[in-house]
Each structure stands twice: as C-alpha cells, then as structure tokens.
Amino acid sequence: MSRIACRPYLIAKDAEGAFFVTVRTTRFNSQNYPLMTATPVPGSFPSLRLARAYIRETFRAEAADIETAK
C-alpha cells in the first residue's frame, strides 16, 4: 500500500451508467501509515459532469481533489 494520501473525492460508475460520489478522509498513525475512511454520498448522478459539479459546489473542492475510478 502506498504511503501517499489519496484524493479526497472519488467518482465511480456502476454497471447501469450511474455515477456515485465517495468522500475519503486520510489520516496517518504514529508509524506514518495511512488510514483511510470512505463515506459514500447518498444518491447518484446521471453524468460525470453533474457529479463533479456537485462536489465542487457542496465541498468547495478543486479539480485536483477529484479522482475518477476506471
């Protein structure tokens, strides 16, 4: 596992084509090992553009804070 903190917002696409947002929080323990907590945001979005807009408006995130799952 990488010791680099991951991006705090993840957008994933399911089999039906809906997009889901997950908010991730990374903290480090006393040995500098990353511990990540992932919290899904309720609801889905019909497009990637709408999911990104929701993250930017709701969490005041920058484009560099958003990761898209492949």
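Values in this text are rule-based calculations from the coordinates and carry no lab data. Remember, it's a predicted structure, so these values are computed and weren't measured experimentally. Every residue, glycine as well, gets a Cβ built from its backbone with ideal geometry; the counts of neighbours run over all protein chains shown.
Suppose we keep only residues that are within 11 Å of residue 68 (Cβ to Cβ) and not aliphatic (A, V, I, L, M) within the range 7-22. Which one would you say is surrounded by the most Cβ atoms within 10 Å (Cβ to Cβ)? Before the answer, list the steps.
Quick first cut of the range 7-22, residues within 11 Å of residue 68 (Cβ to Cβ) only: 7, 9-13, 19, 21.
This time we only want the ones that are not aliphatic (A, V, I, L, M), so: 7, 9, 13, 19.
Values: 7: 13, 9: 23, 13: 16, 19: 20.
Among those residues, the one meeting the criterion is 9.
So how many residues does the range 20-36 have that are more than 10 Å from residue 10 (Cα to Cα) and assigned to a strand (DSSP E or B)? Steps first, please.
Initially, the range 20-36 is screened for residues more than 10 Å from residue 10 (Cα to Cα), giving 25-36.
So of that shortlist, the ones also assigned to a strand (DSSP E or B) come out as 25-28, 34-36.
Residues meeting the conditions: 7.
Give me the pairs, please: first residue somewhere in the range 5-21 and basic (Lys, Arg), second residue anywhere and outside any loop (DSSP other than H, G, I, E, B) and buried (at least 17 other Cβ atoms within 10 Å of the Cβ), beta-carbon distance under 9 Å, and either six or more positions apart or on two chains.
From the range 5-21, the pairs are 7/66; 13/19; 13/20.
Under 7 Å between Cβ atoms, which residue pairs at least 6 apart in sequence (or on different chains) link something in the range 23-52 that is surrounded by 10 or more Cβ atoms within 10 Å (Cβ to Cβ) with a partner that is small (Gly, Ala, Ser) and part of a helix (DSSP H, G or I)?
That search, which allows pairs on different chains as well, returns 45/51.
Within the range 37-70, how many residues are in a helix (DSSP H, G or I), within 11 Å of residue 10 (Cβ to Cβ) and hydrophobic (A, V, I, L, M, F, W, C)? Please lay out each step first, then the result.
Of all residues in the range 37-70, those in a helix (DSSP H, G or I) come to 48-59, 63-65.
Next, only the ones that are within 11 Å of residue 10 (Cβ to Cβ) stay: 51, 55, 65.
Now narrow it down to the ones that are hydrophobic (A, V, I, L, M, F, W, C): 51, 55.
Residues meeting the conditions: 2.
Kindly list, by first and then second residue, each pair from a residue in the range 55-67 that is in contact (Cβ under 8 Å) with a residue 60 or more places away in the chain and at negative phi to a residue that is among the polar types (S, T, N, Q) and exposed (fewer than 10 other Cβ atoms within 10 Å of the Cβ), limited to pairs with Cβ atoms under 9 Å and residues at least 6 apart or on different chains.
Short answer, once both residue conditions are applied: none.
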